[in-house]
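Note sheet for the following structure.
Values in this text are rule-based calculations from the coordinates and carry no lab data. Given the structure is predicted, the values throughout are model-derived calculations rather than measurements. Ideal geometry is used to build each Cβ from the backbone, glycine not excepted, and the neighbour counts take in all protein chains shown.
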Amino acid sequence: MQFASRLDNVETSAIRELFKLLGKPGIISFAGGFPDSAMFDVEGLAEASRLALEQEPGGALQYGATEGYDPLRQQLSAFMKAKGVAVDPSGLIVTTGSQQALDLLGKTLVSPGDKVIVEGPTFLATIQCFRLYGAQVVSAPIDASGVKVDELEQLITEHKPKFVYLIPTFGNPSGATLTLERRKKVLELAVKHNTLVVEDDPYGDLYFGGNAPPPSLMSLTDQVPGSRDLVVHCGSLSKVLSPGLRIGWMIGPAELLAKATMCKQFSDAHTSTFAQATAAQYLKSGRMPATLATVREVYGQRAQAMGAALKRELGDAIEFTQPGGGLFFWARLTGAGGRIADANVFAKRAIEKLVAFVPGAPFFAEKPDLATLRLSFATANVEKIEEGIARLAQAL
Ligand SMILES: Cc1ncc(COP(=O)(O)O)c(C=O)c1O
């Protein structure tokens, strides 16, 4: 077969290869990026889908507008308003997961050879998606407080990127959260260099211990004159409600949303109207706050358990910052006492001990750090987390 030359820029991810090994019986997996299926509010969603069919069968089962189903756009506008972002329903478009928003950004903004700055490390699918459109993906260093803004400014000056892509809150895979001070600085940089900043925010609602993260970049645009039209915000119901619904949204400058809508028309015409009507009924039902409280509580306990077990079982062989939300621990092997410092080697040995995680290297667009790894605490319960981390210690 003769495939399009754009595929030359993208290779199958090393992570996919690892996932093939996860079917082994008895394995405890910290490798996935999924929420726990046991968290899904099945009863609430069943009721929402029933109401969608009964009350609005025309809307829920017919073709719909590419921009999104109006009742859902209204609900999402209210959802965002509660999080400090004033946006009219017409100021957002519904996407098929936030993944589609990222794809539409690639389609509408990236010409072959354009530069895009991302965090090092960042969400792997984003790197692949932007590369598919021919982007040269440049990596900006981060620490536990998110992207390092001075380095980011240097890179913006040097590369003049088409846009900067950040996951400022509980990053995947980093778990890092950009501080308030750095958030404001990022917005100032956007204005100073007239650079578009994409804020991908699927995890912001998943915070632990009642400690909400700093406000989103989009909500802070009020405080930095000239920044609102330089920020694109991508949201998702995947991690808090259900990824199978495939409901995401994008807020951004009207001209960008218009082009993205045109491109979406060619890709899926519109996001499933049934899923949109169900999501709209769900948000309207008022169940969301209780659902959020449950996921925050359960994932918070699991994150605690994983942090404590890592300290207890792996000691100085590993370093990490306890995440305040999201689904992931990002850790680094220190090699202390002559123990393994390469996460790929460690991952293979761990699978022999029936425990899995993802080595960190593929999450870097440039200069991979081979000592890093990502562990998800979302799908295993506390008991399994403790058992799995104990097995990890045996693999070291
Ligand atoms: C940072 C980030 N962005 C986007 C997505 C895509 O999520 P969805 O398309 O389900 O909204 C994910 C999923 O893992 C993610 O981690």
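Remark: the stretch 264-345 projects, on average over all directions, an area of 9.1 nm² (convex hull of Cα atoms).
Each residue of the stretch 212-219 is assigned a 3J(HN,Hα), and the resulting list reads 5, x, x, x, 5, 4, 4, 6 Hz, derived from the Karplus form 6.51 cos²θ - 1.76 cosθ + 1.60 (θ = phi - 60°), x at Gly and Pro. Here the chain carries DSSP beta bridges of which approximately 55% are antiparallel, counting only pairs with both residues inside.
I need the Debye-formula profile for the chain: one equal scatterer per C-alpha, no solvent, reported as log10 I(q)/I(0) at q = 0.07 1/Å, two decimals. Those come out to -0.32, one per q. Per-residue 3J(HN,Hα) values for the stretch 372-377, derived from phi via the Karplus relation 6.51 cos²θ - 1.76 cosθ + 1.60 with θ = phi - 60°, read 8, 8, 10, 10, 9, 9 Hz in sequence order (x marks Gly and Pro).
With Cα atoms defining each centre, the stretch 288-341 and the stretch 99-114 are spaced 33 Å apart in the structure. For V138, nonlocal amide neighbours, meaning residues 5 or more places apart or on other chains whose placed amide H falls under 5 Å from its own, are V116, I117, V118. Looking at the chain, identify the longest residue range that excludes and avoids all chymotrypsin sites (Phe, Trp or Tyr not before Pro) in DSSP loops having at most 10 other Cβ atoms within 10 Å. The longest such stretch corresponds to 64-396.
Would you mind checking the stretch 60-101 for residues with the amide N under 17 Å from a putative spin-label position 7 Å along Cα→C-beta of R6? It comes to 99-101, nothing else. Overall, the stretch 42-288 carries a charge dipole of about 100 debye about its Cα centre when +1 sits on the Cβ of Lys and Arg and -1 on the Cβ of Asp and Glu, all other atoms neutral. Amide H contacts of T95: G248, W249, M250, each under 5 Å away and 5 or more positions distant or on a separate chain (H built 1.01 Å from N in the peptide plane; Pro and chain starts excluded). The calculated FRET efficiency for A144 paired with E352, based on their beta-carbon distance and R0 = 35 Å, is about 0.65. Placing R0 at 41 angstrom, the Cβ-Cβ distance between S90 and E158 gives a FRET efficiency of 0.65 after rounding to 0.05. In this label model, A212 and E54 are separated by 3.4 nm, measuring between points 7 Å along each Cα→Cβ vector.
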